[in-house]
Amino acid sequence: MLEEEQRIFEQDGVVVLRGFFKEWINLLEAGVNTNEQNPGQWFRDYTPGQTQGRFWADYCNWQRIDAFNHFVKESPAAEIVKTLMQSQSVRMFHEHVLVKGTGSSKVTPWHHDAPYYPVDAKQTLSLWIPLDPIARESAIEFIAGSHKWGKHFKAQGFNGEYYDHGEISEEMLPDIDNNRENYNILGWELQPGDAIAFNYLTIHGAPGNASTKHSRRAVSFRWLGDDAIYVNRGGKTSPQYPQYIGKLTTGDALPEDEFPFVA
Ligand SMILES: O=C(O)CCC(=O)C(=O)O
């Protein structure tokens, strides 16, 4: 099972999983509603002052929001991730809720996730799970094979600001939008129950939400494989984990209370 998906994940750094999470959508919707009503300390509104076409996000709440906690521990996700990553173990990094309201023109800029994170591992995987139908024109997109480019591009927040990583020299991402024909860009029309699995090094971005009917709600669950370590990026990371600054150094094992093994 999952042999073809595993092959594609390894080759392209991204694979679409059709219908795997149908029974889990109601639970995840409850989690997003709870999150919206009780935002966490890292809640972000990327369209401040806007009521229509809002884009908001939050993360690192899975241990306090029962629905997300239940999904992490009881759903088939961790075992699917283990097979796709071909790892001996799977540990939880964090979840990330990303909601674009109807008609949102807010674009998610092209980026890859590894340079934001204060962690690294041989195997990495985010499972991006949409809770609404998404047409191809509003779909998150990926550059096939970019996980094998051997690059770490400079991290840029969704508000456009670049991260300062001190002495570490980081290359700027190329201009993908004006040269789309030079890349193998993948994206899919999606239904609730589908998911997209991608490597932390795979470049991705998303247009606004052109739908006038549906919000574009998604929860991205992020996982780590064997030999996951803490990494000091020389400056701000996302998520930040201020409790580890000055306590952990690059190469240290990750604390198991924050990043438990789940498979
Ligand atoms: O949902 C989006 O617009 C972007 C998602 C993303 O960048 C991620 O899950 O890493």
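The values are calculated or read from the model by the stated rules, or taken from the named source; none is laboratory data. This structure is a prediction, so every number in the text was calculated from the model and none was measured. As a convention, Cβ positions derive from the backbone with ideal geometry for all residues, glycine included, and neighbour counts pool all protein chains shown. For accessibility, only protein heavy atoms count, side chains too; no ligands or nucleic acids. Shrake-Rupley method; radii C 1.70, N 1.55, O 1.52, S 1.80 Å.
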Picking from LEU98, LEU125, LEU131, which residue would you name as being touching a Pro at 6+ places or on another chain (Cβ under 6 Å), within 15 Å of the ligand (Cβ to nearest atom), among the aliphatic types (A, V, I, L, M) and over 22 Å from GLY235 (Cβ atoms)? LEU131
Provide a single number: the residues in region 198-219 that are near the ligand (Cβ under 10 Å from one of its atoms) and either out of contact with any His (no Cβ under 6 Å at 6 or more places or on another chain) or outside any loop (DSSP other than H, G, I, E, B) (or both). 12
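For (1) touching a residue at least 24 places away in the same chain (Cβ under 8 Å); (2) within 30 Å of ALA67 (Cα to Cα), each residue gets a yes or a no:
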position: GLU167; (1), (2): yes, no
position: GLU189; (1), (2): yes, yes
position: ALA195; (1), (2): yes, yes
position: TYR230; (1), (2): yes, yes
position: GLY251; (1), (2): no, no
position: PRO255; (1), (2): no, yes
Candidates ARG18, ARG7, ARG64, ARG54, filtered to the one that is within 18 Å of PRO239 (Cβ to Cβ) and open to solvent by 10 Å² or more (accessible area, probe 1.4 Å): ARG64
Within region 122-143, restricting attention to residues that are among the small types (Gly, Ala, Ser) and open to solvent by less than 20 Å² (accessible area, probe 1.4 Å), which residue is nearest to SER104 (Cα to Cα)? SER138
Just for region 163-185: of the residues that are under 23 Å from PRO239 (Cα atoms) and within 16 Å of the ligand (Cβ to nearest atom), which one is least open to solvent (accessible area, probe 1.4 Å)? TYR163
Out of (1) open to solvent by 60 Å² or more (accessible area, probe 1.4 Å); (2) among the aromatic types (Phe, Trp, Tyr); (3) within 16 Å of the ligand (Cβ to nearest atom), the odd one out for TRP188 is which? (1)
